[in-house]
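Worksheet: the structure to be examined is printed underneath.
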Amino acid sequence: YFSRLRENEIRLRGELATSQAFNAALEAEIRDLDQQLGNTSDERQQLLLRLEEQARAREQFDQVRSLFGAFDAIVLRQTDDIVIRLIGLRFTSGSPKLSAGNGTLLKKVEAAIAIYPDSTIVIEGHTDSRGSDRNNKLLSEQRAQAVANYLVANMGIRADRLTAVGFGAEKPVANNETDEGREKNRRIDVIIKPKNGISF
């Protein structure tokens with residue numbers, strides 16, 4: 001009798017140890033599942049935030065594009081940056097001086113920049129390939145700086161947000177062998193760089 005009791009005690013202790021081990025393993029699995037569900041919830045939240053940011057970025061881009069007519073500018077995206085190619089901007093021939101009548105177009109540029117209040121702005125000057133590289137680069141720099149100066153002086157945009165750079169004929173967008181191509185290559189690109197750019 002006592003021997004059987006002893007055997008039962010040993011068996012029960014073994015079953016208890018097995019049960020405790022099983023419970024411990026189950027609790028560990030539950031903790032892992034909770035953590036995974038929590039991570040999934042965090043990932044879902046991050047995805048939703050990302051989608052909202054992308055929707056906002058698309059809305060801002062559409063706002064910029066709607067500001068300009070077909071003869072004013074072409075609005076493009078380069079990764080997270082917004083490029084406003086000012087095809088309607090005019091300069092005195094061979095000069096960095098802005099022609100009269102550019103005020104309306106530059107007012108639209110101001111409105112576009114206002115959509116991105118924390119952005120930095122790069123103003124790029126470009127020329128066609130006629131003339132010397134040195135003169136083209138200088139002219140493109142001077143024209144870019146003229147636009148920057150105008151925005152600072154007339155539009156209240158802080159100078160520390162603007163950078164003017166000239167590339168001369170280094171970055172053509174059309175064939176320099178035709179009049180039409182050369183006209184397209186003579187351009188000012190206003191590049192808006194949002195502080196927290198979001199691709200879409």
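The values are calculated or read from the model by the stated rules, or taken from the named source; none is laboratory data. Quantities reported herein were computed from a predicted structural model and do not represent experimental measurements. In this analysis, Cβ positions are derived from the backbone assuming ideal geometry, glycine residues included, and neighbour counts consider all displayed protein chains. Side chains are part of the model used for accessible areas, which takes the heavy atoms of the whole protein and leaves out ligands, DNA and RNA. Shrake-Rupley method; radii C 1.70, N 1.55, O 1.52, S 1.80 Å.
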Among (1) farther than 26 Å from S132 by Cα; (2) over 21 Å from the mean Cα position of the chain (by Cα); (3) not aromatic (F, W, Y) - the single one R161 does not satisfy:
(2)
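Here are V122, V147: which of them is open to solvent by less than 80 Å² (accessible area, probe 1.4 Å), outside any loop (DSSP other than H, G, I, E, B), under 24 Å from L67 (Cβ atoms) and in contact with a helix residue (DSSP H, G or I) (Cβ under 8 Å, 6 or more places away or on another chain)?
Values: V122 fails: in contact with a helix residue (DSSP H, G or I) (Cβ under 8 Å, 6 or more places away or on another chain).
Every option except V147 fails the conditions.
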Quick one: which of S41, S19, S3 is exposed (fewer than 10 other Cβ atoms within 10 Å of the Cβ) and either modelled with pLDDT under 70 or assigned to a helix (DSSP H, G or I) (or both)?
S3
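Go through the range 71-97 and count every residue that is over 13 Å from R186 (Cβ atoms), assigned to a strand (DSSP E or B) and in contact with a strand residue (DSSP E or B) (Cβ under 6 Å, 6 or more places away or on another chain). Spell out how you get there, then give the answer.
Taking the range 71-97 first, the residues over 13 Å from R186 (Cβ atoms) are 71-84, 97.
Going one step further and asking which of them are assigned to a strand (DSSP E or B), we end up with 74-78, 81-84.
Applying the additional criterion that residues be in contact with a strand residue (DSSP E or B) (Cβ under 6 Å, 6 or more places away or on another chain) yields 74-76, 81-84.
Counting residues in the range 71-97 that are over 13 Å from R186 (Cβ atoms), assigned to a strand (DSSP E or B) and in contact with a strand residue (DSSP E or B) (Cβ under 6 Å, 6 or more places away or on another chain) gives 7.
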Of (1) open to solvent by 80 Å² or more (accessible area, probe 1.4 Å); (2) over 15 Å from the mean Cα position of the chain (by Cα); (3) not small (G, A, S), N102 fails just (1)
Pull up the range 125-135, narrow it to residues that are part of a loop (DSSP other than H, G, I, E, B) and not acidic (D, E), then point me to the one that is surrounded by the most Cβ atoms within 10 Å (Cβ to Cβ).
T127
